[in-house]
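Here's the structure, in structure tokens; my notes come after.
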Amino acid sequence: MNQNLKLYDLVLQGGHVIDPAQNLNDIYDVAIDQGKIAAIAPQLPLHPAQKTVSVAGKIVCPGLIDLHTHIYEWVVSDSLGADDVGINAGVTTVVDQGDCGAATFLGFKAYVIEKAQTDVRCFPSINLTGTITPDCSRTAFYGPDMVDIEALVSLAAEYPHLVRGFKVHGESGALSRWGTQVLELARKATDLADLPLYVHIGELFDVDEAHRPQPAQVIEKVLPFLQPGDLLTHCYSHRPDGLLGKRQRVPESLDR
């Protein structure tokens, strides 16, 4: 036996390694030592005492990041467990989108973030309470009176490693009830906190039919509030006020 062979904690043998950051897309062995990737090579020399696992026919890649999850389990309707959608699904980092707000963040931190093995970050909702009602049915929770810019900015400053942006809704229900007031407040909060804005598009809230916007005009009302680095979510929504709606192509306004 070669006494100079490196004894790793674990070697994953013969998996299909995909790592765009290192331009890897082929069959490799991957060695892990003290919880970190120690070596990647087409064929690593093995020490008889180390643990090896054949992963032939499987994909080996860096931990995935899911940018849009709902994981305030037992508080927000239809939310799931952080580890169920996280490490148990091959995802090492999840980002919750709007389940908590400035007033409910500490509960989210204590009962979700601190209990999960998965790395959890969040974009708190622009409204104080987050998404605490099924299907966002109680619109009173989501109007401009429920936005506290100072609380949001203070939260982001106190927990910069956890709060990575803010979430707002830019869809027919919100526009029919409050116009662009909530979007304006969201823009101000994100600018003050120097964070990105994450905008839901596609009809969600109950619409005030007397003031329903034309579906194709919704995206035109939303886009002026976005800046480079901001995000539109549900871009493939079938909703008529979504990014595509009944169009056959992406709106030209996105080119701006």
Return yes or no: is ARG121 surrounded by fewer than 22 Cβ atoms within 10 Å (Cβ to Cβ), assigned by TED's automatic domain parsing to the domain that holds VAL85 and in contact with a strand residue (DSSP E or B) (Cβ under 7 Å, 6 or more places away or on another chain)? yes
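So which of VAL17, VAL91 ends up being assigned by TED's automatic domain parsing to the domain that holds GLY130 and under 29 Å from the mean Cα position of the chain (by Cα)? Before the answer, list the steps.
Values: VAL17 fails: assigned by TED's automatic domain parsing to the domain that holds GLY130.
After ruling out the rest, the residue left standing is VAL91.
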Tell me whether the stretch 206-214 contains one or more residues that are among the β-branched types (Val, Ile, Thr) and not in a loop (DSSP other than H, G, I, E, B). no
Flagged pairs (Cβ under 6 angstrom, 6 or more apart or on separate chains; first in the stretch 206-221, more than 22 Å from ARG187 (Cβ to Cβ); second of a type outside the set (Ser, Thr, Tyr) and assigned to a loop (DSSP other than H, G, I, E, B)) are PRO215/PRO240; PRO215/ASP241; PRO215/GLY245
Can you tell me which residues in the stretch 39-59 are of a type in the set (A, V, I, L, M) and touching a Lys or Arg at 6+ places or on another chain (Cβ under 8 Å)? ALA39
Somewhere in the stretch 159-175, is a residue charged (D, E, K, R) and part of a helix (DSSP H, G or I)? no
Checking the conditions here, which among ARG239, ARG187, ARG164, ARG177 is in contact (Cβ under 8 Å) with a residue 60 or more places away in the chain, surrounded by 15 or more Cβ atoms within 10 Å (Cβ to Cβ) and over 25 Å from VAL120 (Cβ atoms)? ARG239
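Out of the residues in the stretch 190-226 that are under 17 Å from VAL153 (Cβ atoms) and within 20 Å of the chain's Cα centre (by Cα), which is surrounded by the fewest Cβ atoms within 10 Å (Cβ to Cβ)? Give the steps one after another, and end with the answer.
Taking the stretch 190-226 and keeping what is under 17 Å from VAL153 (Cβ atoms), we get 190-198.
Right, trim to within 20 Å of the chain's Cα centre (by Cα) and you get 190-191, 193-198.
Working: THR190: 26, ASP191: 13, ALA193: 20, ASP194: 10, LEU195: 20, PRO196: 17, LEU197: 25, TYR198: 24.
Among those residues, the one meeting the criterion is ASP194.
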Looking at VAL94 and the list (1) surrounded by fewer than 16 Cβ atoms within 10 Å (Cβ to Cβ); (2) in contact (Cβ under 8 Å) with a residue 24 or more places away in the chain; (3) in contact with a strand residue (DSSP E or B) (Cβ under 8 Å, 6 or more places away or on another chain); (4) among the aliphatic types (A, V, I, L, M), which single condition is not satisfied? (1)
Scan the stretch 104-118 residue by residue and report those that are surrounded by fewer than 20 Cβ atoms within 10 Å (Cβ to Cβ) and in contact with a Gly (Cβ under 8 Å, 6 or more places away or on another chain). ALA116, GLN117
Out of the residues in the stretch 139-158 that are among the small types (Gly, Ala, Ser) and part of a helix (DSSP H, G or I), which is modelled with the lowest pLDDT? ALA140
The condition from (1) of a type outside the set (A, V, I, L, M, F, W, C); (2) modelled with pLDDT of 95 or more; (3) in a helix (DSSP H, G or I); (4) under 21 Å from the mean Cα position of the chain (by Cα) that ASP135 misses is numbered (2)
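The values are calculated or read from the model by the stated rules, or taken from the named source; none is laboratory data. Given the structure is predicted, the values throughout are model-derived calculations rather than measurements. Using ideal geometry, Cβ is built from the backbone for each residue, glycine included, and neighbour counts are taken over all protein chains shown.
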